[in-house]
Amino acid sequence: MKKLVITDVETVQFTKVVKNIKFFANMNMGLLEKILNRINYYQCEKGEKVCKQGDPGDAFYVVNEGKLLVSVREAFLFSRKLAYLGPGDCFGEMALLNRAPRNATVVCEEDSKIFVLMIDNFDQVLEENPAFALEIQKLAADRRFELDHK
């Protein structure tokens, strides 16, 4: 992953993208700006792994551009495709909340740009914003249910 500088254009894009994510939707601009100050921005190439099943959960991701594939390894050689992610989709919250290994592998299907909130910064945002913490927990529970029933 290549780290990019977040310009005013990306700031506006981040704000637009996260307003469509349910746990960000009710946040005011002041809170979004606090979160944005802790966000990193990366470019990933087609075929690049963003995270790997079994690795420690160390970040929360929001897709700004591109297409990513989420898959789980069920047997030694076989993987099952779970979903495709695109602009506005997020992932990684379960591993951060539970401090558990990643449940899935995420690979770029095409060149992509993603916003990344690292675990230390994520913890600070949760501590400062109980409503955000509650919404993240709800999202993680929904994702766990979906994963268990696919």
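Only the coordinates and a few stated rules stand behind these numbers; no lab work does. Keep in mind the model is a prediction, meaning the values are calculated, not measured. Glycine also receives a Cβ, built like all others from the backbone with ideal geometry; neighbour counts cover every protein chain displayed.
Some observations on this one:
- Neighbourhood charge, 12 Å Cβ-Cβ cut-off, centred on residue 42 and excluding it, Lys, Arg +1 and Asp, Glu -1: -2
- Cβ charges +1 (Lys, Arg) and -1 (Asp, Glu), total dipole of the chain, debye: 360
- Most positive-pole-ward Cα, 7, 79, 112, against dipole of region 2-148 from beta carbon charges: 79
- Exceeding the 24 Å Cα-Cα cut-off - candidates 3/67; 2/138; 49/113; 49/138: 2/138; 49/138
- Only the Cβ atoms of Lys and Arg (+1) and of Asp and Glu (-1) were treated as charged; on that basis the dipole of region 1-82 about its Cα centre amounts to roughly 240 debye.
- Reachable aspartates and glutamates, given that their alpha-carbon falls under 15 Å from the alpha-carbon of residue 81 and they are not under 8 places away in the same chain: 109, 146, 148
- Span-rule helices in the chain, defined as complete DSSP H runs reaching 15 Å or more along the axis (Cα) with Kyte mean at least -0.5: 8-19, 130-148
- Value of Rg/Rh across the chain [Cα atoms, Kirkwood radius]: 0.95
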